[in-house]
Amino acid sequence: MTDTEKAQVVLRLDGITKRFGPVTANEDVSFALNRGEVIALLGENGAGKTTLMNILFGQYTADEGSVELFSQPLPAGNPRAALDAGVGMVHQHFTLAGNLTVWENIVLGVDALSAASLRPANAKARIRQLSERFHLKVDPDAKVGRLTVGERQRVEILKALYRNAKILILDEPTAVLTPQEADALFATLREAIASGLSVIFISHKLHEVMAISDRVLVLRHGRLVAERATQDTNGEELAALMVGAEVSAPSIAPASPGAPLLSMRDVTTPGAGSAPGLARVSLDLRAGQITGLAGVSGNGQAALSDLISGLISPSSGTLELHGASPQGWSPRSAIANGVARIPEDRHKTGTIADFDLTENAILETYATRFSKRGWLDWVGARAFAQKLIEGYDIRCPGPDIRIRLLSGGNMQKLILGRVLEGAPDIILANQPVRGLDIGAVNYVHEQLAKARDRGAAVLLISEDLDEIMRLSDVIHVISEGRLSPEFARGTMRPEDLGRWMAGEGFEKGMTDAA
Amino acid sequence: MRLEPIAAPSVGRRVLPPALAIGATFVVAALLAMIAGGNPFAVFGLILKGAFGSKFAILETLNSATPLIFTGLAIAVAFRAKLWNIGAEAQLYAGAVITVVLGTGALSLPAPLMLALCGLAAMLVGALILLGPALLKTRLGVDEVVTTLLLNFIFLLFVSYLLEGPLKDPMGMGWPKSARLIPEARLPRIVEGLRLHWGFALALIAAVAVWVINTRTTLGYEMRAVGQNAEAAAFAGIPVTRVILKTALLSGGLAGLAGFSEVSGLKGSLTLDLSPGFGYTGIVVAMLALLHPLGVVVAALFVAAIFVGADSMSRAAGVPSYLADIMLASALLFMVLAILLTKFRVRRD
C-alpha cells in the first residue's frame, strides 16, 4: 500500500466480532473506507449490518477487534467520540424530538448552551446554507412532529452535516421514502461525496446499491462474504451472494376475480393530526384479486388501513363485508368477519416486543381459540406457535423466544402466519415488506399471491411503486384522501401513476362523479 | 467505563436487582447505625433477633407482613398493566370502614357467612374506590397518579369524620374510634393460642391466586399485553379499556382486603392509625418483588421483618427505629437504580 492510498483511508475496521449471548452478530469483519467513497453494506435482515454500524458509532462495544478513524484508534463504546471524530449516523428509526423545531433538533447536544453558534439566527443561517448546498429542502422553524418522513430524514442528514460529519452512515435510508424522495436523497449524497465526505450506505435494495455505491460489501450471518467493485458486479450476483443461493422473484399468474367481499361507498373518515382522512372513497375488494394502493406516504393510507382494521368507523358512507354492514365495527369484529390485518408497523402495532413468540402468536385468537372459560390453553397455544414456526419458516430457537430478539423478516413471518392461519378471505397488507430483505420480501409476496389464488381479496398498500405494479391485478392511487379510478394491470406506466400520486386528474374525476 | 444495553438478560440478571438493592440498603443502614453510635453488626443481629428470634417475634413479623402482602399485590397487579395506583391507602381504609359498618352488630349472621360478607364487601368498596380514577383515566385521560394519590387524603378525612360522627363508639370515652366488631366478624387465629390470624393465610392464598390469574387466565394475558404495549393490544382486538377497568377492580379489591384483614384479624375496631402507610409501603414491596405476586410475599416478609426487628432493636441498642424507614426508602431507591443498571452491561475501555 502506498502512502497516498494510506492517507485516503478514513475508517478502518479490523477483526470486529460481536456476540449477544449465544448469537454471533458479527464475526471477524474487516474493511476500510476511503475518502470520497460510497460503500454499500448489503445483507439480509439479521446479517449483522446494523450491529456493525452501532459498534462503529459506539453504541455497542465489540468483543474483539478495533476501529480506527482517520488513523486514530476510536475508544470503544462512546458515541460522543465517534461524533467528535466526524461520524454521522442516520438511523433507520429516526432519533428526533417531535415537539421541537427543525433547528432545535439540529443543534441539540452540539455545543455548550452558551455557545454563539447556538443563537437561533446563527444556527438557522448555517442550516439554510447547508440545506441549499446539499439540496436538503426543509424549513428550520417547522416543528419536526409535523414533517413528513422524507423531511425528517433530511433533518437527520442535516444534523450530521451540521456537526461537520466526514463520514455519513445511512441505515436503510430509502425504506421510508417515495421514489422521488429517494432520487433527491441520491442527489444529496452525490453532492456530499463531491465535497469529500465518505458514505456507508446500508440497504437491501439492489438497484439503489448499484446506482450509488463504488464498492459493495456483502454480509451474511455476521461475516463479510464478498467484496465487489460496483462496476464489476450486477444485481443478480449480489442477490445470490446475499442470500447464499440463487433467488427468483415469484411470478404472478393472472387473477380470476370474483364477487366483491369488501365494499366501501362514499366513505369519509376524520383525519388524524396532519394525516388526512378519507374523502368520499368508494372501493371494492374482489375475491381472487390483489388490489394495489399506490400513493405518497401520508395521503390517507393510514385512514384506509385503520378503517379496514376496525380501529375507526366511517363518519359517513357505508362499509360492507360479504354484502352486509358489520355491527359494532372494531378490531375484533374485523377479525371475526375474516379480515386478516398486516399492520404497517410490526414493532409498535403488530407485536408485543417483550412477549414470547407463543404469546404473540395468539394475540388475535386467544379469546376465541385458546380460552376455556377464562383459562388460557397454553398447551394448544404452544402447539399453534410451533405450527406457525414450521409452516411459515420462522427462524428462531423456539416458541419461547422473546419477539424482540427476532429479525424483522421473522417477525413479519409470524404476523403473516398469525393472520393467514385462519384462511381469511379479506387481507389487508399495509407495507408488508418494508425493511425486509429479498428472501423475506419474496416469501411475503408468495404468501399474498397464494392467498389470492385460493380466492381471498387482498388490499396491498405500499409506497414502493415497483411492488405495487408487480403484484397488483388492479391499482388505485390515493392522494389527499381521495381515491383514483381503478386501473387494470398493465394499463398504466409508472409516470402515469406518478401524476395521479401528485394529485393530478382528481379534479376532473371528482366532477365526473358528481 | 461505559454502559451498554443488554438485549436478552439471563435469569440470574433478572433476579439481580433485588439482591443488589438489599445489599446496598444494608451498607447505608450500617453507616447510619454507626453514626447513631451502634455497632452495625450488633444492630443487624438485634433486628434479625427482633424479627425472627422467638416464636412471638416470628408471629409478629407474619402479622405485620399480612397487610403488606395485600397492598403489595394490589400495586403489583395495577403496575403490571401500567395502571399507576398510588391510592391503596384509601382502598384499604374503605375496606376497613365497610367491615366496621357490617360487623359491629348491624347484622347478625353465623361467623363464616359474616366473615365472607365482610371480606367480599371490603373487596367491593376497595374496587369501587379505584374504579373512579380508572374511569377518569379511560374516559377523559385524567392521570391516575394524581387522582388516586389525592383520593388518599380525601378518604382519610372522610374516615376521620366517620370516627367523630356516625361510626364513633358510644362507649369509647370520646376517642375517635369505632365500636368493636362482634365476635362473628373477627377472623379467628390459625392455631389457638398463637397470635397469628387467618388474614395471613388469606394473603398467601391471594398471592397464589394473583399468580394463577397472571399466568394461566385470559385476563392475566390481557393485563400483561395492555401493560406492555397498549397500541398492539388494541390493534389485536383486546378491549383495552375494559381490561384497565378489570385491573382496577382487582387491584382495589386486594387493597380493600388489607383493610378487612387488619380490622377483623388484628385490631377489632377502626381507628385513624389503622394503617401507618401500608398503601404506600405496598409500592416498595411490589417494586422489590419486581411485580411478581409470589415475590410480593417474600418482599412483604422482608419489609415487615425490618420494621418489627428495628422496633425491638431500638429498645436494646438505643439506635432509633427510624432506621427501618430509612432502610425501606433506600431499598426502593436502590431498587429503581438496580433495575436500570442490570439492564446494562458495564464495560471497561
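Below, the figures for the structure above:
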quantity	calculated
Chain A: angle of helix A:438-453 to the longest principal axis, Cα-based, in degrees nearest 10	10
Segment A:260-513: relative contact order in percent, alpha carbon pairs under 8 Å with at least 6 residues between	28
For segment B:163-220 versus segment A:145-210, the gap between their alpha-carbon centres in whole angstrom	65
Accessible surface of chain A [probe 1.4 Å, protein heavy atoms]: carbon and sulfur percent	50
Under the Karplus curve 6.51 cos²θ - 1.76 cosθ + 1.60, θ = phi - 60°, whole-Hz ³J(HN,Hα) for segment A:140-152, x wherever Gly or Pro sits	x, 8, 6, 6, 4, x, 9, 7, 6, 4, x, 5, 4
Residues along segment A:363-410 losing 30 Å² or more of accessible surface when the other protein chains are present rather than the chain by itself (probe 1.4 Å)	A:LEU363, A:TYR366, A:GLY374, A:TRP375, A:LEU376, A:TRP378, A:ARG402, A:LEU405
Point-charge dipole on Cβ atoms (K/R +1, D/E -1) for chain A, about Cα centre, debye to 20	1020
Helix-derived mean residue ellipticity, 222 nm - over the protein assembly as shown, DSSP H n ≥ 4, -39500 (n - 2.57), to 500	-15500 deg cm²/dmol
Share, in percent, of DSSP beta bridges within the protein assembly as shown that are antiparallel, nearest 5	55
Accessible area (Å², per residue) of segment B:7-347, counting only protein heavy atoms and a probe of 1.4 Å	43
Buried accessible area, chains A and B (both chains, 1.4 Å probe, Å² to nearest 100)	2800
At least 40 Å² accessible surface lost relative to isolated chain, residues of segment A:326-342 (1.4 Å probe)	A:ARG332
Sites B:LEU107 and B:SER160 - FRET efficiency at Förster radius 41 Å, r taken between beta-carbons, to 0.05	0.95
Gaussian network model of chain B, Cα within-10 Å springs - most flexible of B:ASN152, B:ASN214, B:ASN229	B:ASN229
Two-site label geometry, A:GLN180 and A:VAL225: point separation in nm, points 7 Å out along Cα→Cβ	3.8
Accessible solvent surface per residue of segment A:3-243, calculated while the other protein chains remain in place, 1.4 angstrom probe, Å²	43
For segment A:387-514: span of alpha carbons on each principal axis (Å, largest first)	56, 27, 24
Rounded, prolate or oblate (a/c below 1.5 giving rounded, otherwise prolate when a/b exceeds b/c) for segment A:279-350 by Cα gyration tensor	rounded
Förster radius 25 Å - calculated FRET efficiency between A:ASP63 and B:ARG14, Cβ distance, rounded to 0.05	0.65
12 Å cut-off, amide nitrogen to a point 7 angstrom out along B:VAL336 Cα→Cβ, residues in segment B:257-295	B:284
Shape category assigned to segment B:145-256 from the gyration tensor of Cα positions, a/c cut at 1.5	oblate
Taking the convex hull of Cα positions in segment A:260-513, its mean projected area over all directions (nm²)	13.8
Fraction of alpha-carbon pairs over 41 Å apart in the protein assembly as shown - percent	48
Whole-number percent relative contact order across chain A, with pairs defined as alpha carbons under 8 Å at least 6 apart	15
Largest to smallest accessible area among B:ILE154, B:ILE213, B:ILE244 [probe 1.4 Å]	B:ILE154, B:ILE213, B:ILE244
Cα gyration tensor category, rounded, prolate or oblate, for chain B with a/c compared to 1.5	oblate
Estimated D of chain A in µm² per second, where Rh is the Kirkwood radius over Cα pairs and Stokes-Einstein applies at 4 °C, 1.567 mPa s	53
Alpha-carbon centroids, segment A:359-417 and segment A:81-103: separation in whole Å	36
Projected-area mean, segment B:4-147, by convex hull of Cα positions, square nanometres	15.1
Cβ-derived FRET efficiency at R0 22 Å, B:ALA329 paired with B:MET34, nearest 0.05	0.75
Euclidean distance of C-alpha centroids, segment A:480-503 and segment B:259-307, integer Å	66
Of all accessible heavy-atom area on chain B, the percent that carbon and sulfur account for (1.4 Å)	72
Degrees separating the helix A:408-420 axis from the principal Cα axis of chain A, which is the longest one	0
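The values are calculated or read from the model by the stated rules, or taken from the named source; none is laboratory data. All of these numbers come straight from a predicted model, not from anything done at the bench. Neighbour counts are summed over all protein chains in view; Cβ atoms, including those assigned to glycine, are modelled from backbone coordinates with ideal geometry. Just so you know, the surface numbers come from the protein's heavy atoms only, side chains and all, with ligands and any DNA or RNA stripped out. Shrake-Rupley method; radii C 1.70, N 1.55, O 1.52, S 1.80 Å.
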